[in-house]
1. Would you mind telling me which numbered condition in (1) open to solvent by 40 Å² or more (accessible area, probe 1.4 Å); (2) touching a residue at least 40 places away in the same chain (Cβ under 8 Å); (3) over 25 Å from the mean Cα position of the chain (by Cα) Thr238 fails?
2. Considering only the stretch 380-391, I want to know if a residue exists there that is closer than 24 Å to Thr207 by Cβ and under 14 Å from the mean Cα position of the chain (by Cα).
3. Does the stretch 288-305 include one or more residues that are at pLDDT 95 or above, basic (Lys, Arg) and farther than 28 Å from Ala196 by Cβ?
4. Quick one: which residue in Glu326, Glu322 is of a type outside the set (S, T, N, Q), touching a Gly at 6+ places or on another chain (Cβ under 7 Å) and open to solvent by 40 Å² or more (accessible area, probe 1.4 Å)?
5. For the subset of the stretch 334-346 comprising residues that are in contact (Cβ under 8 Å) with a residue 60 or more places away in the chain and not aromatic (Phe, Trp, Tyr), which member is surrounded by the most Cβ atoms within 10 Å (Cβ to Cβ)?
6. Any chance the stretch 185-202 includes a residue that's over 17 Å from the mean Cα position of the chain (by Cα), open to solvent by 50 Å² or more (accessible area, probe 1.4 Å) and not hydrophobic (A, V, I, L, M, F, W, C)?
7. State yes or no: is Leu209 closer than 28 Å to Ile332 by Cα, buried (at least 19 other Cβ atoms within 10 Å of the Cβ) and at pLDDT 95 or above?
8. For the stretch 361-392, enumerate the residues that are modelled with pLDDT of 90 or more, under 21 Å from Lys190 (Cβ atoms) and of a type outside the set (Lys, Arg).
Amino acid sequence: MNMQQPSWEKVLKAIHSGERPTEEQWNKLTSEERELINLLQKEQLTGNAIVFLDSMNEDKAWQKLSGSIQQPLTGRRVRMRFLRYAAVLAGLLMLGAAALFLLKNGKRNEELTQPVIAGKYITQPVNPKQAVLVLANGQSIELNKTPDSTIRQEQVDVVNIDTALLRYTAAADVLRPAAFNTLIVPRGGKYKIELADGTEVWLNAETKLRYPAHFGGVAKREVFLESGEAYFKVKRNTAMPFIVKAGGMDVQVLGTEFNVNTYTSRYATTLAHGSVKLSTGTAATKLEPGQQGVYVNGAFTKIAVDVYTYTAWKDGLIIFEETPLEEVMNNIGRQYDFAVEFTSPQLKDRKFGGMLRRTEQIEDVLTIIEKVGYLKFSIRGKTILVSPVVSK
């Protein structure tokens, strides 16, 4: 019997809302997706609930997960698929009794390093509402210090709404090409911008986007993702194609939604709706919804993906799918503005999968991973130290 992989997007949206799907939506779900939703809602994994799994410990996780289901799923194949997309039960997610660990790195480190303790916060809460706007004339504006303010730039109004959204509104008769502005989102930050044509762009932490103040007087709309990650919801205009330039790659669309990630040398474009054309000087490819195009070493490859895995960050979720721990921790460090150090290099390649909700405190995230990952975290200033749990 062929089992279908549960869809993260369907399942997570269902439990995120806290409401059961309608009868019509329920009938469209696979049996695995229904089973997963029933379990997660039974365990009340909503609000700040987190789903996380260390794939190195599937057997132990499965035993605990099976024990929480009245009629456990059976069969190795079903188990592996379920574990890949599900996680462990709520008991593992409780934040009340995490073990306390100290790194044995000498007296000096013991004095400077503090263990991560469930329910205890030793760091400052992160404020994602932060970004710097650099105008064409070089002027820099810290947006978190200028809430609900308006900047007049030639025939364009730039409004900073609640230090979370930057909205551009241009006069209808603008004819000359505009100068470029740059929006810089630091580590720990997250911002949204609405361009003058109505295109919406969500910017992840450590991202830089350069764009014109308006699109008058040009034949095509061009923006430059100079670093980081952004999700684009492009306003359709058949007369003016929209092009995102990122690391020597062009992403061309008319009106669609897609994500571009340039954090590493493996540039990934994930298409949610519509169609896009990816191109460089020597290679090109087209994507359909549900596909991801990866550009590396001068060539494109295409794979089918669960789109929500790669776009949920804009909704405050972090999703991993068979991801090396080094990449997991680099992502978390970026979201909370922390550096990461491993005391054992072998830990970097351990694979993890699951979902984390981005909260104000990094300790909420670390205690979850620590419990199910057989790891111990300690914080030294702005650095997270990652170590294995040593068996006694």
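The values are calculated or read from the model by the stated rules, or taken from the named source; none is laboratory data. Nothing here was measured: the structure is a model prediction, and the numbers come from that model. Cβ placement follows ideal geometry from the backbone for every residue including glycine, while neighbour counts extend to all protein chains displayed. Ligands, DNA and RNA are stripped out before the accessible areas are found, and what is left, the full protein with its side chains, is counted by its heavy atoms. Shrake-Rupley method; radii C 1.70, N 1.55, O 1.52, S 1.80 Å.
1. Going through the list (1) open to solvent by 40 Å² or more (accessible area, probe 1.4 Å); (2) touching a residue at least 40 places away in the same chain (Cβ under 8 Å); (3) over 25 Å from the mean Cα position of the chain (by Cα), Thr238 breaks only (2).
2. Scanning the stretch 380-391, I find no residue that is closer than 24 Å to Thr207 by Cβ and under 14 Å from the mean Cα position of the chain (by Cα), so the answer is no.
3. yes
4. Being of a type outside the set (S, T, N, Q), touching a Gly at 6+ places or on another chain (Cβ under 7 Å) and open to solvent by 40 Å² or more (accessible area, probe 1.4 Å) holds for just one of Glu326, Glu322, which is Glu322.
5. This residue is Gln335.
6. no
7. Criteria met by Leu209.
8. Gln361, Ile362, Glu363, Leu366, Ile384 - these are the residues of the stretch 361-392 that are modelled with pLDDT of 90 or more, under 21 Å from Lys190 (Cβ atoms) and of a type outside the set (Lys, Arg).
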